[in-house]
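> Below you'll find the structure I mean.
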Amino acid sequence: LYHLVKEQHFIRDIHILYSFRKRREILSRDENDPGCLENRQYVEVAHKLGVSVDEVRRVVTNWIFEKPLNYLAACIYPGVKDLFSLLMRNKVKIGIFSDYPGRSKLKALDLYADVVICATDENVDRFKPHPKGLLVTAKELGIPVKSCFFIGDRDDKDGECARRAGMPY
């Protein structure tokens with residue numbers, strides 16, 4: 001019975017995670033003011049699935065924000081640490097803008113950034129490809145947008161975000 005219950009919880013967790021990621025994709029295409037994106041992403045999934053907001057937060061925190069941290073260092077792209085070191089030695093400011101919180105990821109990777117901005121921060125409240133996060137990041141760094149360079153791995157999100165912000169990518 002224990003294994004059956006555990007399996008049902010695991011399947012429910014996968015369904016919550018799938019719904020959470022899908023909802024974020026939908027919210028990223030919404031150009032209107034999302035109104036407290038940080039909370040809305042959980043509330044909408046909870047409502048759709050008929051579970052509590054706390055349950056959605058617990059599952060997402062566990063599987064997306066916490067568990068992967070133990071494996072990040074093994075997955076870092078070759079040369080990233082060298083790039084960060086080179087930038088720091090040359091006093092080039094580093095800003096991170098992500099749709100997900102980045103501070104714990106940077107710590108797990110033993111990397112440093114001058115500014116770390118998340119799409120769900122109150123002063124951004126927009127997912128990529130909306131440019132607001134990059135504009136806030138540049139402003140926090142004190143660097144003109146055109147003097148920044150954005151590195152990302154998805155042209156449809158990162159590239160489009162940079163193009164909309166007028167930032168080289």
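> Quick check on segment 57-73. Is at least one of its residues touching a helix residue (DSSP H, G or I) at 6+ places or on another chain (Cβ under 6 Å) and not hydrophobic (A, V, I, L, M, F, W, C)?
yes
> Let me ask another. How about segment 21-38: which of its residues are open to solvent by 60 Å² or more (accessible area, probe 1.4 Å), among the aliphatic types (A, V, I, L, M) and within 27 Å of residue 109 (Cβ to Cβ)?
none
Residues checked against (1) touching a residue at least 12 places away in the same chain (Cβ under 8 Å); (2) buried (at least 21 other Cβ atoms within 10 Å of the Cβ):
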{"position": "124", "(1), (2)": "yes, yes"}
{"position": "132", "(1), (2)": "no, no"}
{"position": "150", "(1), (2)": "yes, no"}
{"position": "156", "(1), (2)": "yes, no"}
{"position": "161", "(1), (2)": "yes, yes"}
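> Given the structure, is residue 67 more than 19 Å from residue 21 (Cβ to Cβ) and modelled with pLDDT of 95 or more?
For residue 67, the condition - more than 19 Å from residue 21 (Cβ to Cβ) and modelled with pLDDT of 95 or more - is not met.
> Then there's this: For segment 89-109, name all the residues that are free of Cβ contacts under 8 Å to residues at least 40 places away in the same chain, under 17 Å from residue 148 (Cα atoms) and over 12 Å from the mean Cα position of the chain (by Cα). Steps first, answer last, please.
Taking segment 89-109 and keeping what is free of Cβ contacts under 8 Å to residues at least 40 places away in the same chain, we get 89-92, 94, 98, 100-109.
Subsequent filtering for residues that are under 17 Å from residue 148 (Cα atoms) retains 90-92, 94, 98.
Residues satisfying the conditions are 90, 91, 92, 94.
> Also, I was wondering about something else. Name the residue, out of 45, 53, 5, 60, that is among the hydrophobic types (A, V, I, L, M, F, W, C) and modelled with pLDDT under 95.
One residue alone meets the criteria, 5.
> Any chance you could count how many residues in segment 108-131 are in contact with an Asp or Glu (Cβ under 8 Å, 6 or more places away or on another chain) and of a type in the set (Ser, Thr, Tyr)?
Of the residues in segment 108-131, 1 are in contact with an Asp or Glu (Cβ under 8 Å, 6 or more places away or on another chain) and of a type in the set (Ser, Thr, Tyr).
> Return the residues of segment 39-78 that are open to solvent by 70 Å² or more (accessible area, probe 1.4 Å) and touching a Leu at 6+ places or on another chain (Cβ under 8 Å); say none if nothing qualifies.
63
> Let me ask something additional. For segment 122-160, which positions are part of a helix (DSSP H, G or I) and touching a helix residue (DSSP H, G or I) at 6+ places or on another chain (Cβ under 6 Å)? If you could, list the steps in order and put the result at the bottom.
Step one: filter segment 122-160 for residues part of a helix (DSSP H, G or I), giving 132-141, 145-147, 155-160.
Residues satisfying the conditions are 134, 135, 138, 145.
> Turning to a different aspect of this structure: Sort out which residues of segment 80-103 are out of contact with any Ser or Thr (no Cβ under 6 Å at 6 or more places or on another chain) and assigned to a strand (DSSP E or B), and write them in order of number.
Selection gives 96, 98.
> Out of 77, 112, report the one residue that is of a type in the set (Phe, Trp, Tyr) and touching a residue at least 12 places away in the same chain (Cβ under 8 Å).
Exactly one residue qualifies, and that residue is 112.
The values are calculated or read from the model by the stated rules, or taken from the named source; none is laboratory data. These numbers were taken from a predicted model, which means no experiment stands behind them. Quick reminder, even Gly has a Cβ in these numbers, built from the backbone with ideal geometry, and neighbours come from all protein chains shown. Side chains included, ligands, DNA and RNA excluded: accessible areas come from the protein's heavy atoms. Shrake-Rupley method; radii C 1.70, N 1.55, O 1.52, S 1.80 Å.
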